[in-house]
Amino acid sequence: MTRSRRVSGAAGRRTGAAARSTCRAARAVRAARRTLEREFSPRHLLSFSVGAYLACNAVRDAYLVVDGPDCALMRTQFLQGNHDYLAELTSVGGQHKVVHTALEPAGVMRPREEALADLLRRIGGTAGVGCVLFTSLPIATVLATDYARLCRRAAAAVGKPIAAIPGRSLSTDWLGGYAETLAALAEQLDLPHRRPARNAVAVVGLLHDRNEADCRGNVREIERLLRGLALEPVSIWLSGGRCAELREAARAATVVSLPYGRRAARILARRLGARLVEADLPFGLPAAERFVRQVAAACDRGPQGERLIDSELAAVVPNLEWVAPFLFQGRRFGFIGDPHLRSGFRELIELLGGQVAFSVITACRHHLGGPSRTAPPDRDDLLVEPRAAALRRFLDERLAPGRLDCLVTNSTCIEAAAGRDVAVVEFGFPAYDVHALYDRPYLGFRGALALVDTIANQLRLHLALRAPVAKPV
């Protein structure tokens with residue numbers, strides 16, 4: 001019996017040690033998986049090519065050739081039938097505005113230059129095509145084909161601009177794709193020789209991410225503010241128009257630069273010999289005031305700018321009298337979107353008495369740049385260029401019960417608010433579930449009022465739905 005007990009005890013100790021060892025190993029595996037998830041989960045970004053698609057969609061007679069596999073056509077679905085109900089990137093008739101080369105791994109080592117040049121000539125020679133844009137996906141970019149030379153040859157053959165956009169999918173995102181497309185147009189679009197008009201202004205760097213009434217309203221709002229300064233807006237890059245409207249920039253004596261196309265604005269101003277004004281994006285009331293003052297000061301219209309600001313504020317501010325104290329004051333907001341909207345959003349919310357508790361920038365860090373010289377310093381928690389795992393942890397913590405009142409987010413993160421006690425406003429690019437059927441800008445003074453209206457309605461609806469339901473008597 002004694003020996004049996006000793007054997008049994010030793011076996012039990014070995015079993016216990018083995019179990020503890022197994023538990024330690026399992027914990028180590030789980031920890032390793034968490035580390036891998038933290039360090040190697042994908043970046044929460046939209047690709048470079050999506051930005052090029054946005055720009056192509058914003059020029060009605062532009063066509064885009066993508067050197068890459070057929071997945072290039074599938075990427076049109078970020079816009080077509082989703083973010084933009086009026087997108088024209090694909091056609092039921094088969095004449096798509098986005099054309100791919102169907103490049104496969106087996107074909108990368110074959111001679112391809114003549115086939116590419118022929119494709120560019122055929123598309124450029126099609127009736128109704130104003131210009132052709134050409135870019136590449138990484139599988140083709142690494143082959144180092146001289147796309148610029150091919151585009152020059154094809155352009156000379158068809159007599160239309162064919163612009164090469166450097167394929168930078170491995171180094172930047174959709175904002176970079178949009179900006180690079182504008183820069184390619186600024187460099188390579190054929191501009192007529194015109195004598196500049198003293199009061200003529202071209203605006204370069206507006207994000208026209210869809211052809212619906214919110215973005216069309218932004219164009220009209222910027223034009224209205226410029227006319228309020230006795231300036232003539234001759235061309236806005238981009239605005240949903242045709243290449244001929246882009247060429248009207250040749251009349252401009254002043255180029256106003258906005259954040260989505262700073263380099264393109266510099267290139268165009270240099271080509272035209274025009275004055276360059278780097279202005280803030282007029283998103284939110286304080287930023288709209290800065291935009292007017294910056295343009296007015298550069299064009300020797302300082303007093304006129306102050307009168308315009310006074311009249312705009314007199315029309316907008318009285319409408320905020322009741323929503324500011326009862327819906328915004330003391331409320332906590334979160335923002336998820338692109339970096340060029342963050343500062344203006346924060347200023348607007350703080351002006352109304354609210355607080356931006358956190359911001360998530362779903363774009364590369366290099367787009368942040370420096371803050372506006374006149375904007376207040378940042379005071380919110382900031383997550384930039386997040387990996388998916390880090391983003392999940394960040395939002396789980398900050399969307400916990402009682403920590404936030406309203407989340408303003410694009411579609412990529414809207415599901416994070418599902419089932420949570422928080423009002424939700426879908427805004428920015430992409431916005432798959434919210435569309436604009438009438439003139440509803442979000443830029444300028446009127447755009448600020450429209451955005452406040454949207455947020456206030458969502459806040460009020462959320463508060464009404466969470467209120468206890470009265471029992472019937």
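Laboratory data are not the source of any read-out in this text; all were calculated from the coordinates shown. Nothing here was measured: the structure is a model prediction, and the numbers come from that model. Heads up, the Cβs are rebuilt from the backbone with ideal geometry, glycines too, and the neighbour counts pull from every protein chain shown.
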Inset, instruction - Determine ³J(HN,Hα), in whole Hz, for all residues of the range 425-438 in sequence, where each value follows from phi through the Karplus function 6.51 cos²θ - 1.76 cosθ + 1.60 and θ = phi - 60°; x replaces Gly and Pro. - result: 10, 8, 7, x, 10, x, 10, 7, 9, 10, 9, 10, 9, 9
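By average Cβ neighbour count within 10 Å, what is the ranking of 211-221, 314-324 from highest down?
Details: 211-221: 20.9, 314-324: 13.3.
Result, highest mean first: 211-221, 314-324.
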Inset, instruction - Give a residue-ordered list of calculated ³J(HN,Hα) values for the range 392-398 (Karplus: 6.51 cos²θ - 1.76 cosθ + 1.60, θ = phi - 60°; whole Hz; x for Gly, Pro). - result: 4, 5, 4, 6, 4, 6, 8
Legend entry - Nonlocal amide H pairs with Val98, under 5 Å, H built at 1.01 Å: Leu64
Inset, instruction - With the convex hull built on the Cα atoms of the range 55-107, state its orientation-averaged projected area in nm². - result: 3.8 nm²
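Could you work out the relative contact order of the chain? I mean the mean sequence separation of Cα pairs under 8 Å and 6+ apart, divided by the number of residues, in percent. Walk me through the intermediate numbers first.
Numbers: 858 pairs, mean separation 74.0, N = 473.
Rounded, it is 16 percent for the chain.
Would you mind putting 295-304, 109-118, 326-335, 404-413 in packing order, based on average other-beta-carbon counts within 10 Å, highest first? Walk me through the numbers before you get to the answer.
Values: 295-304: 16.3, 109-118: 12.5, 326-335: 19.8, 404-413: 22.2.
Highest mean packing first, the order is 404-413, 326-335, 295-304, 109-118.
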Inset, instruction - For the chain, count all C-alpha to C-alpha pairs, find those more than 43 Å apart, and express that count as a whole percent of the total. - result: 25 percent
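Stick to the Cα atoms of the range 48-188, pair each with every other, and give me the Kirkwood hydrodynamic radius in Å at one decimal.
Values: mean 1/r = 0.0671 Å⁻¹.
Here the Kirkwood hydrodynamic radius works out to 14.9 Å.
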Inset, instruction - Over all alpha-carbon pairs of the range 322-435, lay out the pair-distance distribution in 10 Å bins, whole %, shortest bin first. - result: 14, 47, 34, 5, 0
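Using the C-alpha atoms of the range 197-317, what convex hull volume per residue, in cubic angstrom, is computed?
Numbers: hull volume 11.0 nm³, N = 121.
Hull volume normalised by residue count: 91 Å³.
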Legend entry - Rg over Rh [alpha-carbon atoms, Kirkwood Rh] for the range 141-202: 1.08
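Can you tell me the FRET efficiency between Ala244 and Val384 if r is taken as the Cβ-Cβ distance and R0 is 45 Å, rounded to the nearest 0.05?
Details: r = 39 Å, r/R0 = 0.87.
Result of the calculation: an efficiency of 0.70.
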